[in-house]
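What follows is a single structure, written as structure tokens, with notes after it.
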Amino acid sequence: MDHLQADVLVVGGGTGGTAAALQAARRGAKTVLVSEYGWLGGMLTSAGVAAPDGNELLAFQTGIWGAFLRALQQRQPEGLEHSWVSFFTYEPQLGAAIFADWVAALPNLHWIVGGAPKVVERQGDRILGVQFETVTVDATITLDGTELGDVLALADVPHRWGWDWQTNWDEPSAPAAPTELTEKYPVQSPTWVVILQDVDPAIAPPIPRPPQFDPRPFADAWTGYGAEAFMNYGRLPRHQFMMNWPHHGNDYGDRLSRLVESDAARQDFLADAYHHSQNFAYAIQAALGDRYGLAANAFPSQSFPGGGAYALHPYYRESRRLQGQVTVCERDILPLAGGAVAALPTDQAGNVTAIALGNYANDHHYPGYDFPLHPKSIRWGGRWTGTPFSLPYGCLIPATVEGLLVCEKNSSVSHIANGATRLQPTVLNLGQAAGMAAALCIEQGCAPRDLSVRKLQDALLSDPTAPAAIVPLFNLIPDDPNWITVQRRVLDNPDTYALEGNYRTADGAIAYPDCIPSSNAQHFKGRVIQLGEQDYRFELDPDSPIDGLPAPLSLVTLHPTVDQRLQDLAGKWAIAIGHVNRSGNWLRLEALTQ
């Protein structure tokens, strides 16, 4: 067995692990990344969720998340707007290629496809390294980037699995006691993504009928949506469709505790989840016709698990969760009373401890159950989005163990809060912060718990490759020349963080950055119609039609200045500059002028 030494070991090549390894190596640490699969990126690639949610607003497209979006835009000439569930859809293999290229460009980052961790080397309260099937890696700092927090379990690091009750954290949405739902679903249900392809007018090869096929679980999959909208939910380039459908679809949660009981029990669950997704694909073709078949080359062809049209592993929405120095609870991600943002996390001295941001709504998946959650969404830019929040450094640090950080969905959060913190961009942000923290600990010869949070924040803000925002500010876009100055100003003076989530100039005015449309943006003349709060339509001028789309189009934007322009020009004629999304029947504005 090979034996390696590293400054930083990242176990798991998922979303957070990939970001952590990239950032640690970019900072200069000798880094080893050991992944279970031959694709890096996890949820974004090998799990097939090529329609990521959250951090979609331009102000939040920073760090490795923002760099990933820009790389996708450069490499995918068809653009990223194909579905109605996300503004960014792409072919999974393209995302995997971007991460692989980034890793290959770093000579101090050694990537090994070495399988799952087998043994964690521990001496007292300190983690020393990890044994895999073919290699052992000793490291000063180890990061758990596994999909299910496997290093936490192997190292006997205190962690949680399952629900928290009202008595734990006084969360508005937490149940007071076990219920039928909590007993059936200890964590959120995973989904084994399958990608279909439209070959119209040809006939797709028949999808094999799975053994013991039962169509009943999928009978109402697209009721209330219609077949076309159902397929376009996760539409990808080249007439492909990501099937990650929550309504009588391929979410699967039967006996979820099998995932953490034993290797054999986990394999048993995986076989059932894979079979469920096969059933779903077969049911779609049987109901909608033979123009829809399996996208046979979406993933590397291989035997179970995954391969071909099926992702390499399930999209896990929840993991074992670290018991950290700080536990993020539902109240930490909810907006302040009368505001549009959550409070910034601080320590006892009042210093801001934020190291990553997210903005997704709190979204939980329990097939067959409607679980009400305290709302954390707002209308912005003509659509619903989640209220932004920041996550503290302490949620990455074990309460009792040294030499270890987490960098995936295994951060120290409650079960309820996980519904908002688990999303792909937020996990990328957490991974980037964990990787930077590990590298700084190597530089300074200190333990993660002793690292200055402010030094970590400054390192993330000033990173030369992918500077990452710490404070969510709706109107501070990444190319603003004041970007880093404003971020640092709020960190130094958290009392200036306004309930509205905007930063203001010295005279108290909200700062609105310039709108510079992309070169391929289209121009349309029409009238802005306001139907309600942040609900706009565009009545096209007869001389400016859009073929094949019903009128009027919805108007949406990710740009803070255009958000304000929509409010100012309601009821008026204007020139709309942007991109049409035919799946969502909207026009995403990059500029709006008279």
Practice item. Might you let me know whether region 239-247 holds any residue that is of a type in the set (A, V, I, L, M) and under 22 Å from the mean Cα position of the chain (by Cα)? Key: yes
Review point. Which one of the conditions (1) polar (S, T, N, Q); (2) surrounded by fewer than 22 Cβ atoms within 10 Å (Cβ to Cβ); (3) touching a helix residue (DSSP H, G or I) at 6+ places or on another chain (Cβ under 9 Å) does Asn232 fail to meet, given that it meets all the rest?
Key: (3)
Revision key, fill the gap. Residue hits (region 483-537; in a loop (DSSP other than H, G, I, E, B), under 23 Å from Asn359 (Cα atoms) and either of a type outside the set (Asp, Glu) or open to solvent by less than 50 Å² (accessible area, probe 1.4 Å) (or both)) are Asn493, Tyr497, Ala498, Leu499, Gly501, Asn502, Tyr503, Ala511, Tyr512, Pro513, Cys515, Gln534
Study note, to complete from the structure: Within region 235-247, the residues that are more than 20 Å from Asn297 (Cβ to Cβ), without any contact (Cβ under 8 Å) to a residue 60 or more places away in the chain and open to solvent by 10 Å² or more (accessible area, probe 1.4 Å) are His247
Review point. Is at least one residue of region 109-119 out of contact with any Gly (no Cβ under 8 Å at 6 or more places or on another chain), within 24 Å of Leu461 (Cβ to Cβ), open to solvent by 10 Å² or more (accessible area, probe 1.4 Å) and touching a residue at least 24 places away in the same chain (Cβ under 8 Å)?
Key: yes
Exercise for review: Return a yes/no flag: does region 348-365 have any residue that is within 23 Å of Gly48 (Cα to Cα) and over 20 Å from the mean Cα position of the chain (by Cα).
Suggested key: no
Exercise for review: Would you be able to say whether some residue in region 305-327 is aromatic (Phe, Trp, Tyr) and in contact with a helix residue (DSSP H, G or I) (Cβ under 7 Å, 6 or more places away or on another chain)?
Suggested key: yes
Review point. Being surrounded by fewer than 22 Cβ atoms within 10 Å (Cβ to Cβ) and outside any helix (DSSP H, G or I), is that true of even one residue in region 259-280?
Key: yes
Exercise for review: Please determine, by comparing only the residues of region 418-461 that are free of Cβ contacts under 8 Å to residues at least 12 places away in the same chain and outside any loop (DSSP other than H, G, I, E, B), which one is farthest from Ala67 (Cα to Cα).
Suggested key: Asp450
Practice item. Run down Asp251, Asp290 and say which single residue is surrounded by 22 or more Cβ atoms within 10 Å (Cβ to Cβ) and either touching a residue at least 40 places away in the same chain (Cβ under 8 Å) or of a type in the set (A, V, I, L, M) (or both). Key: Asp251
Revision key, fill the gap. Okay, helices (runs of 4 or more DSSP H) sitting entirely in region 132-185 with 2 or more residues that are of a type in the set (D, E, K, R), I get 180-184
Review point. (1) among the charged types (D, E, K, R); (2) touching a residue at least 24 places away in the same chain (Cβ under 8 Å); (3) out of contact with any strand residue (DSSP E or B) (no Cβ under 9 Å at 6 or more places or on another chain): which one isn't true of Glu183, the others all being true?
Key: (2)
Exercise for review: Please indicate, with yes or no, whether at least one residue in region 14-33 is under 17 Å from the mean Cα position of the chain (by Cα), under 22 Å from Lys409 (Cα atoms) and assigned to a loop (DSSP other than H, G, I, E, B).
Suggested key: yes
Practice item. Go through the residues of region 107-119 one by one and say whether even a single one is of a type outside the set (Phe, Trp, Tyr), assigned to a strand (DSSP E or B) and either out of contact with any strand residue (DSSP E or B) (no Cβ under 7 Å at 6 or more places or on another chain) or closer than 29 Å to Leu256 by Cα (or both). Key: yes
Practice item. Collect the residues in region 494-521 that are among the polar types (S, T, N, Q) and under 29 Å from the mean Cα position of the chain (by Cα), keeping them in residue-number order. Key: Thr496, Asn502, Ser518, Ser519, Asn520
Review point. Residue check, Glu56 against (1) part of a helix (DSSP H, G or I); (2) touching a residue at least 24 places away in the same chain (Cβ under 8 Å); (3) of a type in the set (D, E, K, R), all met but one. Which one?
Key: (1)
Check your understanding: Could you count how many residues in region 1-54 are of a type in the set (Gly, Ala, Ser), in contact with a helix residue (DSSP H, G or I) (Cβ under 9 Å, 6 or more places away or on another chain) and farther than 23 Å from Gly308 by Cβ?
Key -> 11
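Per-residue answers, yes or no, for (1) of a type outside the set (S, T, N, Q); (2) open to solvent by 50 Å² or more (accessible area, probe 1.4 Å); (3) not in a strand (DSSP E or B):
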{"site": "Leu336", "(1), (2), (3)": "yes, yes, yes"}
{"site": "Asn362", "(1), (2), (3)": "no, no, yes"}
{"site": "His365", "(1), (2), (3)": "yes, no, yes"}
{"site": "Arg379", "(1), (2), (3)": "yes, yes, no"}
Point to revise | So Phe68, is it touching a helix residue (DSSP H, G or I) at 6+ places or on another chain (Cβ under 7 Å), modelled with pLDDT of 95 or more and among the aromatic types (Phe, Trp, Tyr) | key: yes
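The values are calculated or read from the model by the stated rules, or taken from the named source; none is laboratory data. None of the values given here were measured: they were computed from a predicted structure. Reconstructed Cβ throughout: ideal geometry from the backbone, glycine too, with neighbour counts over all protein chains shown. Calculation scope for accessible area: heavy atoms of the full protein, side chains included, ligands and nucleic acids excluded. Shrake-Rupley method; radii C 1.70, N 1.55, O 1.52, S 1.80 Å.
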